[in-house]
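First up is the structure itself, then whatever we jot down about it.
The values are calculated or read from the model by the stated rules, or taken from the named source; none is laboratory data. Being a predicted model, the structure only gives us computed values, none of them experimental. Quick reminder, even Gly has a Cβ in these numbers, built from the backbone with ideal geometry, and neighbours come from all protein chains shown. The accessibility values were calculated without ligands, DNA or RNA, using every heavy atom of the protein model including side chains. Shrake-Rupley method; radii C 1.70, N 1.55, O 1.52, S 1.80 Å.
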Amino acid sequence: MELAIGKTGDRDLVVDAQELVTGRTCIIAQSGAGKSWSIAVLCEQLCKARIGFCLIDTEGEYFSLKDRFELCWVGSGDDCDVDIERVDLAELMRNAIKSGTPVIYDVSETQMQEKVTELTTVLYDLESELRKPYLLIVEEADKFIPQSGESIKKIEEISRRGRKRGLGILVATQRPSLVVKNVLSQCNSQIIGKLSIENDLKAVGVFFGSRKEVEELSALEPGEFFVMGSLAREKVKMRFGRRETEHRGLTPKLAPGKPARQSTPRTPRAHPPPQPPQPPAPRPTPADEGVDEAIVPVLIREEAIDIAKSRRRRKFPFLDPEERIVAADAVYWPLAQVEVKYIGGLLRKTTKTASFVLDLVAGRLVDVNRGMKMKPGFSELFGLDETAVKIIARLPPGGSTLPEIEADTREAPETVKRAVKDLEKRKLVTEVKTAGKATVFMPLLLHEIPRLQSLRQSLQVKTEPLRGSPRPQKIRESDLRSLLKAIEPTLEIAGWRTVYYPVYEVVLAAEDGERRLYLDGISGRDLPLSSV
Ligand SMILES: Nc1ncnc2c1ncn2[C@@H]1O[C@H](COP(=O)(O)OP(=O)(O)OP(=O)(O)O)[C@@H](O)[C@H]1O
């Protein structure tokens, strides 16, 4: 039996169902590269072929399969078919294996390790007796079989001995370098998508013929994978097909202001009554629950230290000793997703909106997309009084005289004089004499002040409750409001949400002193931050 899972070029790509269900497969790709999508496509195909599987769902994102297919959802809450805390797991799994019923084992709201240990033990024991083809799918395998830390030994055993019992395994991870080596090396089929972190590229190197092939991985698009091993006759680049059920693993988009509390985040029904299409219901975010939100890091501390090692310097090449790493700590950088409203338009005045992400330490604009990038934005203007901001925001490149500034800002001469002095002190304007002996004040801003209509940035990231220590926030909503009101008097802040970004602060020491390196906790790149 064959399962159509996607396309390679314009040909359908089919895989052998027997090989998938009783074999050992890994799906590896970084966050956002399409793992959950591809697992869902595989599950849909298995459901259609009436082949049994049990999917360990760590995020509660697969229940939408129930909208189309007959399966059993074991989890927490009223919407589930079976309560994970009360289920007789051996009995349920025996029936599921015998009847080939798919099971979603949703551990997102439970003690995951304990529940997964119990499931894998039950499955292995049952299959030692029943020997009927059944597939175990382990999402986020790095959580359950980590390279360092407590690994669930039954999963390792299934990867070694499951096949003979009819019990196949499919493990998915975004961090292959963090998964126990022997499970990945047991996999006779690999489905590998976009990867960018060096350690992860190294970890999958064994599946490829050359470094050049491995490097192709970083150029893949979401949904594109290489399929290799027993599932495909030869290595093929493919794209997973359309999903038949809704994808609930979408990154929740930040809405203006505090999002409405969701009383029941999940509303699956086997036969939904006719109703207009609804946007997928996001799980409540930490912000809904009144907890500080942090973006989930990709790098672990040891990897940050490895990167920092490669950045060590010597004063004189070959003569001096290299710098030493004396500390490496995760610090969380405060950011805010800001939504603003203002009245704008050249001919007809209408309400306009803008959105951006602000660094709450230095006031820079931030672009978060598989790493954090910073632009100066409004940073030079924080700390100025309202008149000074008004002046600098309106000052033309050729400069203005004091009476011109007074007319532009409609401020009293004394107030303008004081503000201009402050701007001179901060080296944001300079005084020049023109031929007519008039004094002209010229702007010295290093960067243009961003125009509101050009700001369309939002955070699309996975968050978790903040666990580490955050950098103190220096910029408050009120600071930003008065700054922006000086630029655009009709402006109101319509939404503000604080989210913490993971950064590693590494202290490097040499004989002549210390320096700090800030490494992006997602991309591993250097960040232009300081120890303020
Ligand atoms: N085959 C595909 N066809 C169309 N869109 C896709 C495909 N695969 C992925 N996508 C798009 O990419 C987004 C991210 O995919 P997905 O949620 O599966 O990533 P992921 O690797 O599971 O990420 P994470 O590990 O962070 O959960 C999806 O919301 C979808 O928009």
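Counting only alpha carbon atoms, the long axis of helix 413-425 and the longest principal axis of the chain meet at about 60°.
Ordered from highest to lowest accessible area with the whole protein assembly present and a 1.4 Å probe, D306, D78 read as D78, D306. Extents of region 386-443, largest first, come to 31, 22, 19 Å (Cα atoms, principal axes, whole angstrom). Annotation: extensible slack from D329 through L402 equals 21.3 nm (criterion: 0.36 nm per residue apart, minus Cα-Cα distance).
Per-residue accessible area (protein heavy atoms, 1.4 Å probe) orders R312, R515, R451, R50 as R50, R451, R312, R515, starting from the largest.
Of all beta bridges DSSP finds with both residues in region 2-240, what is the antiparallel percent, to the nearest 5?
On the way: 17 of 44 bridges.
So the antiparallel bridges in region 2-240 amount to around 40 percent.
Residues with beta-carbon under 12 Å from that of M93, excluding M93: net charge, scoring Lys, Arg +1 and Asp, Glu -1? Walk me through the numbers before you get to the answer.
Numbers: positive: R94, K98, K132; negative: D88, E91, E118, D125, E127, E129.
Combined, the nearby Lys, Arg, Asp and Glu give -3.
Return the loop-located trypsin sites (Lys or Arg not before Pro) in region 463-496 (DSSP other than H, G, I, E, B) with at most 12 other Cβ atoms within 10 Å of their own Cβ; answer none if there are none.
On the way: sites: R467, K474, R476, R481, K485; in loops: R467, K474, R476.
Those satisfying the criteria are R467, R476.
Rank these by accessible area, largest first, 1.4 Å probe: L508, L446.
Values: L508 0, L446 140 Å².
Largest accessible area first, the list is L446, L508.
Computed over region 29-104, the percent of Cα pairs more than 16 Å apart is 50. What does the net charge come to around E198 if you take all other residues with beta carbon closer than 10 Å to its beta carbon, with K and R at +1 and D and E at -1? Taking every Cβ under 10 Å from that of E198, the sum is -2. When DSSP beta bridges are restricted to pairs lying wholly in the chain, around 70% turn out antiparallel.
For region 1-141, take N as its residue count and report Rg(C-alpha) divided by 2.2 N^0.38 Å. Mind showing how you got there, number by number?
On the way: Rg = 14.9 Å, N = 141, 2.2 N^0.38 = 14.4 Å.
In units of the globular-protein estimate, region 1-141 measures up at 1.03.
Charge tally for K164 (other residues, Cβ to Cβ under 10 Å; Lys, Arg +1; Asp, Glu -1): +4. As I understand it, the value is the acute angle between the Cα axis of helix 112-130 and the longest principal axis of the Cα atoms of the chain; what does it come to in degrees, rounded to 10? Tilt of helix 112-130: around 20 degrees. The stretch between V291 and R11, if pulled fully straight at 0.36 nm per residue, gains 96.0 nm over its current Cα-Cα span. Once the chain from K132 to R525 is taken as fully extended at 0.36 nm per residue, the excess over their C-alpha distance is 136.6 nm.
How big is D, in µm² s⁻¹, for region 329-444 by Stokes-Einstein at 4 °C and 1.567 mPa s if Rh is the Kirkwood radius over C-alpha pairs? Working shown, then result.
Numbers: Rh = 16.6 Å.
The Stokes-Einstein estimate is 78 µm²/s.
Applying both filters, DSSP loop and at most 14 other Cβ atoms within 10 Å, to the GluC sites (Glu not before Pro) of region 1-106 gives E70, E85.
With the radius of gyration and the Kirkwood radius both derived from the Cα set of region 2-240, what is their ratio Rg to Rh? Spell out each step's value before the answer.
Details: Rg = 16.8 Å, Rh = 17.8 Å.
Rounded to two decimals, Rg/Rh equals 0.94.
Taking all protein chains together and rolling a 1.4 Å probe, R525 ends up with roughly 110 Å² accessible. Give the relative contact order (percent, whole number) for the chain; include only Cα pairs under 8 Å separated by 6+ residues. It rounds to 16 percent for the chain.
Between helix 35-48 and the chain, what is the angle of the helix's C-alpha long axis to the longest principal axis, kept within 0 to 90° and rounded to the nearest 10? So the inclination is approximately 30 degrees. Diagonalising the gyration tensor over the Cα atoms of the chain and scaling each eigenvalue by 5 before taking the square root yields semi-axes of 53, 28, 20 Å, largest first. For region 432-532, a Kirkwood hydrodynamic radius built from all Cα pairs, placed in the Stokes-Einstein relation at 20 °C and 1.002 mPa s, yields a translational diffusion coefficient of 116 µm²/s.
For region 476-517, compute Rg over Rh where Rg is the Cα radius of gyration and Rh is the Kirkwood radius from the inverse mean 1/r over Cα pairs. Don't skip to the end; give the middle numbers.
Numbers: Rg = 18.8 Å, Rh = 14.0 Å.
Rounded to two decimals, Rg over Rh is 1.34.
Using the structure shown, select from K390/K421; K212/K237; K98/K143; K181/K235; K417/K474; K352/K485 the pairs with a Cα to Cα distance greater than 18 angstrom. Beyond 18 Å: K98/K143; K181/K235; K417/K474.
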